[in-house]
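**Student:** First the structure, which I've put down as C-alpha cells, then a few questions once you've had a look.
The values are calculated or read from the model by the stated rules, or taken from the named source; none is laboratory data. This one's a predicted model, so the numbers in the text were calculated from it and none came from an experiment. Virtual Cβ from ideal backbone geometry, glycine too; neighbours counted across all protein chains shown.
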Amino acid sequence: MKLLNSATVILFLTMIVVSSAMDMSIISYDKNHHTVSSRSDAEVSRLYEEWLVKHGKAQNSLTEKDRRFEIFKDNLRFIDEHNGKNLSYRLGLTKFADLTNDEYRSMYLGSRLKRKATKSSLRYEVRVGDAIPESVDWRKEGAVAEVKDQGSCGNCWAFSTIGAVEGINKIVTGDLISLSEQELVDCDTSYNEGCNGGLMDYAFEFIINNGGIDTEEDYPYKGVDGRCDQTRKNAKVVTIDLYEDVPANSEESLKKALSHQPISVAIEGGGRAFQLYDSGIFDGICGTDLDHGVVAVGYGTENGKDYWIVKNSWGTSWGESGYIRMERNIASSAGKCGIAVEPSYPIKNGQNPPNPGPSPPSPVKPPTQCDSYYTCPESNTCCCLFDYGKYCLAWGCCPLEAATCCDDNYSCCPHEYPVCDLDQGTCLMSKNSPFSIKAIKRKPATPFWSQSRKNIA
C-alpha cells in the first residue's frame, strides 16, 4: 500500500512538472506532419536573435529588448496556434512580430481622410453578357513594378496611386516605369497629408493637374515628409487623363475593372492576422474601417476558393513576397476587408510627352554658415563642439537638415528621431519610444575667417 502511494505521488508530481513546462513553452506547428509540439526557451531565443538580424532591428536598452522579446513570444504563440488549425492561410514572423497590434496600427496604417466627392462611373458596371476572364494576373503581363517599402511613413495612399498609374502606363504605352511616391508625399499637399495619410483619388487629381509625375529614379523615395522639389515636379514623365471610381460595393464590378487594369483599393488592414500574414488565401476576420491603401493586381481561384491578388507596400519580407491573396466572393457586398467599397483607377488615352531626360541638378545651395569663423556643407546642421559662456569656440557638422545636436558635443540625431539617448548612443522617436537608430557622429566644421563671432541662440 505504501509503494502504491509513493508511485501515485511521483506520478502526480511528474504531471505537475510537465504541465508547468508546457505552460512556459510556446506551442509550435509542424506543417510537414500536421502536429503540434512545444518550443523550448532556447529555440524561441534563437528564433528571436535570427529575426533581429534578418530585419536589422536594434533596441536602445536591455530592458526594452526584454519587453520586445515578450511581445515577440506572444505573437509567436499566436502564429503557432493559428497555423496548427490548418486553415487557408498561414501566419509568420513578419517585420512586425515584435509589435503589439496597437503599436502596429498606430505606426504603419495611414489615418483616414474623408473624400470630398466621388467620381462614380458606369464604365465597369456589370451587365448581362459581359465576358469577364476567370483569372487575371497583371504581374504576368509585366504591368506591375517591383514591390516597394513605405517604411514607417503613413503614405500607403501614394504607393497605391503610383501602382495603379504604373500599371495603366504599361498597358497603354508598353513601358513599365517605376514612378515617384516621394513626389506625391512632398508636392501633393492640397488635400493629402504626406506621412499622416491621404486618399488615392486626391493623388490622381494631383497628377492630372500637374500634367504628369516623375520617375522613382529621378525623384527617389525618402520615407519622410519633405520640401517639394519644383524642378523634378515639372519633369512630368508619365501622364494620366482622368480617374474614376468603380461602382461601390460590387465585387463583380471590381472584377470587371481589374480585368482591364490594376486598381487602387482601400482595405482594413489593422487585424493581428493581417499584421502577421505569411501566405495563402486570407479569410480572417476584418471589417470595413478602411485604413490602408493597396493595389489589386489580379484574381483567381485555388482549390475552389476565389481570391484577389493584392500588392502591398511593406517590402518583400511580408506576405507572399510582398503580396497577399484575399478571399473573393464573400457574403458581404463590401468584399473582404472592404476591398470593394472604394476602388478607383486612372484613365490614360495616349502616349506620354517626349522624355525630357534626367532633371537638371537643383541649384547648388550655399554652405551652412555656423558663424563668421566656421561653415558646414549645405543641408548640414551646425552643432557646437566647445562653448564658453554664450560663445561657441568650435563647431561640428551634422550631415542632416534640422538635426538635433546631442549634449555630448559629439553626436546628433535626425529630426524624425529627435531624442538623444547618450547612454546607448542612439536616437529615439520620442522619450519612451521603443524604436531607435544609431546616433550620427559630427564632423569638424570648415574654418571660414571673416568677421567677429556671434552669440549662440
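**Student:** Just for the stretch 150-205: of the residues that are in a loop (DSSP other than H, G, I, E, B) and either acidic (Asp, Glu) or under 20 Å from residue 352 (Cβ atoms) (or both), which one is modelled with the lowest pLDDT?
**Tutor:** 193
**Student:** So, one more: Does the stretch 391-402 include one or more residues that are at pLDDT 90 or above and surrounded by fewer than 20 Cβ atoms within 10 Å (Cβ to Cβ)?
**Tutor:** There is no residue in the stretch 391-402 that is at pLDDT 90 or above and surrounded by fewer than 20 Cβ atoms within 10 Å (Cβ to Cβ).
**Student:** A further question on this structure: So which residues in the stretch 202-221 are crowded, with 23+ Cβ neighbours inside 10 Å and more than 17 Å from residue 169 (Cα to Cα), if there are any at all? Talk me through it step by step, then tell me what you get.
**Tutor:** First, the residues of the stretch 202-221 that are crowded, with 23+ Cβ neighbours inside 10 Å: 203-204, 207, 213-214, 219.
Matches in the stretch 202-221: 219 only.
**Student:** Restricting attention to the stretch 85-120, which residues are among the charged types (D, E, K, R), modelled with pLDDT of 90 or more and not in a strand (DSSP E or B)? Outline the logic, then answer.
**Tutor:** Within the stretch 85-120, the subset among the charged types (D, E, K, R) is 85, 90, 95, 98, 102-103, 105, 112, 114-116, 119.
Applying the additional criterion that residues be modelled with pLDDT of 90 or more yields 85, 90, 95, 98, 102-103, 105.
Passing the criteria: 85, 95, 98, 102, 103, 105.
**Student:** Still on this structure: Which of the residues that make up the stretch 403-423 are surrounded by 16 or more Cβ atoms within 10 Å (Cβ to Cβ) and either among the polar types (S, T, N, Q) or touching a Phe, Trp or Tyr at 6+ places or on another chain (Cβ under 6 Å) (or both)?
**Tutor:** Hits for the stretch 403-423 are 404, 411.
**Student:** Still on this model: On the basis of being of a type in the set (D, E, K, R) and either within 17 Å of residue 262 (Cβ to Cβ) or in the same structural domain as residue 434 (by TED's automatic domain parsing) (or both), does residue 170 make the cut?
**Tutor:** Yes.
**Student:** Among the residues of the stretch 379-387, is any among the charged types (D, E, K, R) and either more than 30 Å from residue 412 (Cβ to Cβ) or in a loop (DSSP other than H, G, I, E, B) (or both)?
**Tutor:** no
**Student:** In the stretch 142-184, what residues are crowded, with 24+ Cβ neighbours inside 10 Å and hydroxyl-bearing (Ser, Thr, Tyr)?
**Tutor:** Residues satisfying the conditions are 160, 161, 180.
**Student:** I'd like to verify a number: residues in the stretch 265-324 that are over 21 Å from residue 138 (Cα atoms), among the polar types (S, T, N, Q) and surrounded by 20 or more Cβ atoms within 10 Å (Cβ to Cβ), how many?
**Tutor:** 1
**Student:** If you take just the strands (runs of 3 or more DSSP E) that sit entirely in the stretch 283-337, which of them hold at least 3 residues that are of a type outside the set (Lys, Arg) and touching a residue at least 60 places away in the same chain (Cβ under 8 Å)?
**Tutor:** 292-302
**Student:** Which one of these is surrounded by fewer than 21 Cβ atoms within 10 Å (Cβ to Cβ), in the same structural domain as residue 160 (by TED's automatic domain parsing) and either more than 15 Å from residue 168 (Cβ to Cβ) or basic (Lys, Arg) (or both): 250, 259?
**Tutor:** Matching residue, one of 250, 259: 250.
**Student:** Only one residue in 141, 134, 146 is farther than 19 Å from residue 264 by Cα, part of a loop (DSSP other than H, G, I, E, B) and of a type outside the set (A, V, I, L, M), so which one is that?
**Tutor:** Being farther than 19 Å from residue 264 by Cα, part of a loop (DSSP other than H, G, I, E, B) and of a type outside the set (A, V, I, L, M) holds for just one of 141, 134, 146, which is 134.
**Student:** List pairs: first in the stretch 207-221 and of a type in the set (Gly, Ala, Ser), second buried (at least 18 other Cβ atoms within 10 Å of the Cβ), Cβ under 7 Å, 6+ apart or cross-chain?
**Tutor:** Once the first residue is of a type in the set (Gly, Ala, Ser) and sits in the stretch 207-221, its partners that are buried (at least 18 other Cβ atoms within 10 Å of the Cβ) give 211/239; 212/237; 212/238; 212/239.
**Student:** I'd like the residue in the stretch 222-240 that is of a type outside the set (A, V, I, L, M, F, W, C) and surrounded by 20 or more Cβ atoms within 10 Å (Cβ to Cβ) and, out of all such residues, is modelled with the highest pLDDT.
**Tutor:** 239
**Student:** Considering only the stretch 44-69, state which residues are touching a Phe, Trp or Tyr at 6+ places or on another chain (Cβ under 9 Å), more than 19 Å from residue 101 (Cα to Cα) and in a helix (DSSP H, G or I).
**Tutor:** Selection gives 44, 45, 47.
**Student:** Name the residue that is modelled with the lowest pLDDT, counting only residues in the stretch 338-377 that are surrounded by 23 or more Cβ atoms within 10 Å (Cβ to Cβ) and part of a loop (DSSP other than H, G, I, E, B).
**Tutor:** 370
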